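The values are calculated or read from the model by the stated rules, or taken from the named source; none is laboratory data. Please read these numbers as outputs of a predicted model, since none were measured by experiment. When we count neighbours, we look across all protein chains shown, and the Cβ atoms used for this are built from the backbone with ideal geometry, even at glycine.
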Amino acid sequence: MRTAHRRTRTLIIAVLAAACTSAAVAAAAQDPQPPPAGTARVRPELRQGQGRSAQQADRLEIAELQRLFDAYMVMQAQEALQLDDVQFGQFLPKLKALQETRRRNEQARTQLVGELGRLTAPSAATLDEAALRDRLRALQELESRSAAELRRAYDTIDQQLDVRRQARFRVFEQNMERRKLQLMLRARRGAAGQVL
């Protein structure tokens, strides 16, 4: 069983690395290059439309990468926390609930901050202070609600784990986040080399 688990883990790492690389290559290829001197300028509204479709594609790729990494994290959790199969069966839905809570709140926050960016962009015709206040209030409410939801999700996990495993889980999460950033950095470096 250990060998099958190790092979599955290796496969997921390879898929994550390939997905990160392809996302970085696509993003690097979509980066707008400045027009050569003396050429006609692209109308801003056309450039903005291209940016939106590229951002939407990037969001889909990022969401897919996050789902892949969440699956990798689930596979690593049992070993990192030294949970037997029964304990892991009870732990798994709690971990997935934490991941979903975090992902849902991050997406909502990204959307609200994006709206703030559009409302305050230099290209905005007028400053709609009422809309800004409304979006800022919504952001503050989201941040409060998000903190409470995350606290409940962690409390649910902590109820199952002893103190040592609670601490190991926090270290494990930090290590997984660091690993994700390393993979993204490596993929971006590889993509930059491929595009150049």
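Some points to look at:
- The residue pairs whose first member lies in segment 134-160 and is touching a residue at least 40 places away in the same chain (Cβ under 8 Å) and part of a helix (DSSP H, G or I), whose second member is surrounded by 14 or more Cβ atoms within 10 Å (Cβ to Cβ) and among the aliphatic types (A, V, I, L, M), and whose beta carbons are closer than 6 Å, counting only pairs six or more residues apart or on different chains, are ALA153/ALA97; ALA153/LEU98.
- Any hit, segment 115-126, residues being modelled with pLDDT of 95 or more and closer than 23 Å to ILE62 by Cβ: no
- Checking ARG152, ARG67 one by one, the residue that is surrounded by fewer than 15 Cβ atoms within 10 Å (Cβ to Cβ), more than 28 Å from MET184 (Cβ to Cβ) and among the basic types (Lys, Arg) is ARG152 and no other.
- Flag for ARG189 being over 17 Å from GLN99 (Cβ atoms) and part of a helix (DSSP H, G or I): yes
- Test: residue in segment 76-91 that is in a helix (DSSP H, G or I) and either under 19 Å from the mean Cα position of the chain (by Cα) or among the hydroxyl-bearing types (Ser, Thr, Tyr) (or both): yes
- Search result, residues across segment 161-186 that are over 20 Å from the mean Cα position of the chain (by Cα) and part of a helix (DSSP H, G or I): VAL163, ARG164, ARG165, GLN166, ALA167, ARG168
Table: residues versus (1) more than 27 Å from MET184 (Cα to Cα); (2) of a type in the set (A, V, I, L, M).
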site	(1), (2)
TYR72	no, no
ALA80	no, yes
GLN90	yes, no
GLU106	no, no
THR120	yes, no
ALA125	yes, yes
ASP128	yes, no
ARG145	yes, no
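- So ASP155, is it at negative phi, acidic (Asp, Glu) and more than 24 Å from the chain's Cα centre (by Cα): no
- Of all residue pairs spaced 6 or more apart or on separate chains, those with beta-carbon atoms under 6 Å, a first member in segment 87-114 that is small (Gly, Ala, Ser) and a second member that is assigned to a helix (DSSP H, G or I) are ALA97/ALA153; ALA108/LEU142.
- Candidate set: segment 161-183, residues that are free of Cβ contacts under 8 Å to residues at least 12 places away in the same chain, among the hydrophobic types (A, V, I, L, M, F, W, C) and over 18 Å from GLU106 (Cβ atoms); chosen: the one surrounded by the fewest Cβ atoms within 10 Å (Cβ to Cβ): VAL163
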